[in-house]
Amino acid sequence: MLKIGVIGCGAIGRDHIRRLTDLVPGAQVVACADYFKEAADKVAAQYGITAYETGEALIAAPEVEAVVITSSDPSHAGYVLASLEAGKYVFCEKPLAQNAADCEKIIAAELAHGKRLLQVGFMRRYDRGYAEMKRIIDSGELGAPLMIHACHRNVSQPDGFQTEMGVSNVAIHELDICRWLLGDEYEAGQVLKVRQSACSTKGYDNPQIVLLETKTGCRIDVEVQVADAYGYDIQCQVVCEKGTVNLPDPYAVVKRANATRSFPILTDWKDRFIEAYDIELTQWVQAVEAGKLTGPSAWDGYVACVAADALNRSRGTGMFRKIETIEKPELYQ
């Protein structure tokens with residue numbers, strides 16, 4: 001039984017604790033921590049586990065064999081580095097860090113161990129729809145991929161949200177999944193500000209368009225609408241030489257009534273990718289027990305961060321920015 005400590009008792013932290021406790025075989029959550037001690041105490045009482053005052057104390061606890069990080073984005077890099085220093089397996093929700101420099105520190109710390117200890121929470125790779133798209137593209141039956149058209153629409157964002165976060169915190173999922181689908185690396189990128197929604201009056205750009213070019217010349221466009229959309233709607237179409245492949249909508253019953261034909265659209269990301277999260281953490285626990293991680297790596301988190309940095313630097317310039325990385329270490333080949 002893998003004994004796990006979870007840092008961060010917000011919405012996704014509580015959901016992962018429930019998932020690891022009730023659904024994932026071979027997992028046992030033994031500890032939690034949160035910046036707000038009351039939040040950790042409440043979760044600890046609910047599950048009969050130990051609440052630590054700090055994430056660092058949880059990481060150092062001898063009963064904690066592996067760490068799951070679901071805390072605020074700016075805290076991720078510090079907790080990951082502390083976990084690696086302790087030699088413990090760690091699962092970190094996206095983004096891996098706030099900047100490429102911190103990602104490079106994480107890569108260096110993992111390389112010092114000579115094996116992978118870290119997995120990044122890019123859960124879309126575990127969604128059945130995306131997985132089937134990947135299978136079809138890799139099979140070659142549609143020829144080479146040429147373009148991706150995608151969109152990421154959210155209902156709302158918390159207070160304090162900023163324009164740059166539309167790329168670094170929201171579209172970070174597209175930055176990973178498009179690269180994964182194509183099996184390609186990014187060459188350059190640009191963010192465009194388009195006509196702004198009259199509903200968007202909170203001080204940040206909404207919507208935005210992300211444009212990317214890959215090393216092989218594929219083009220990607222992503223509509224990023226972080227708030228005031230009609231629901232939580234994720235769309236993706238890959239255009240290939242001999243056809244297209246589209247991400248399916250989530251299953252929903254179609255209703256006919258009052259001269260209309262309709263079906264519901266989800267509003268919560270946790271519901272849209274609930275099965276993907278289940279599969280992701282189940283496979284992570286299995287991989288930790290086997291001593292060989294296979295999910296999204298520190299390198300994947302780093303590349304997404306480098307791309308986001310370049311895209312945000314391009315804002316307002318009218319120019320594509322190069323997406324340049326360090327040399328890829330053998331560990332991540």
Across the range 262-279, the tally of residues that are modelled with pLDDT of 95 or more and not hydrophobic (A, V, I, L, M, F, W, C) stands at 3
In the range 120-172, anything at pLDDT 95 or above and on the phi > 0 side of the Ramachandran plot is listed as Gly140, Gly143
Tell me whether the range 23-36 contains one or more residues that are closer than 27 Å to Leu175 by Cβ, crowded, with 19+ Cβ neighbours inside 10 Å and not hydrophobic (A, V, I, L, M, F, W, C).
no
In the set Val285, Val239, Val306, the lone residue that is over 23 Å from the mean Cα position of the chain (by Cα) and either surrounded by 14 or more Cβ atoms within 10 Å (Cβ to Cβ) or assigned to a helix (DSSP H, G or I) (or both) is Val239
Among Ala31, Ala44, Ala51, the single one that is assigned to a helix (DSSP H, G or I) and either in contact with a Ser or Thr (Cβ under 7 Å, 6 or more places away or on another chain) or at pLDDT 95 or above (or both) is Ala44
Just one listed residue, out of Ala171, Ala97, is crowded, with 22+ Cβ neighbours inside 10 Å and in the same structural domain as Gly217 (by TED's automatic domain parsing), and it is Ala171
Of (1) part of a helix (DSSP H, G or I); (2) touching a Gly at 6+ places or on another chain (Cβ under 8 Å), Pro95 fails just (1)
message: Just to be sure before I move on: is Pro158 within 27 Å of Val288 (Cα to Cα) and either part of a loop (DSSP other than H, G, I, E, B) or in contact with a His (Cβ under 8 Å, 6 or more places away or on another chain) (or both) in the structure I sent?
response: no
Within the range 52-61, residues in contact with a helix residue (DSSP H, G or I) (Cβ under 8 Å, 6 or more places away or on another chain) and crowded, with 21+ Cβ neighbours inside 10 Å come out as Tyr52, Gly55, Ile59
Per the filter on the range 62-75, residues surrounded by fewer than 18 Cβ atoms within 10 Å (Cβ to Cβ) and either outside any helix (DSSP H, G or I) or among the hydrophobic types (A, V, I, L, M, F, W, C) (or both) are Pro62, Glu63, Glu65, Ser72
Taking the range 209-236 and keeping only residues that are in contact with a Pro (Cβ under 7 Å, 6 or more places away or on another chain) and part of a strand (DSSP E or B), one is left with Glu223, Val224, Gln225
Only one of Pro296, Pro250 is without any contact (Cβ under 8 Å) to a residue 40 or more places away in the chain and in contact with a Gly (Cβ under 9 Å, 6 or more places away or on another chain), namely Pro250
Result of the Cβ filter at 8 Å on the range 130-155, keeping first residues that are under 17 Å from Val210 (Cβ atoms) and polar (S, T, N, Q) and partners that are modelled with pLDDT of 95 or more and surrounded by fewer than 16 Cβ atoms within 10 Å (Cβ to Cβ), at least 6 apart or interchain, is none
Within the range 242-268, of all residues that are farther than 29 Å from Asp15 by Cα and of a type in the set (A, V, I, L, M, F, W, C), the one surrounded by the most Cβ atoms within 10 Å (Cβ to Cβ) is Val245
Here the residues within the range 253-282 that are in contact (Cβ under 8 Å) with a residue 40 or more places away in the chain and in a helix (DSSP H, G or I) are Trp269, Lys270, Arg272, Glu275, Ala276, Tyr277, Asp278, Ile279, Glu280, Leu281, Thr282
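The values are calculated or read from the model by the stated rules, or taken from the named source; none is laboratory data. What you see is a predicted model; the values in this text were computed from it and never measured. Glycine also receives a Cβ, built like all others from the backbone with ideal geometry; neighbour counts cover every protein chain displayed.
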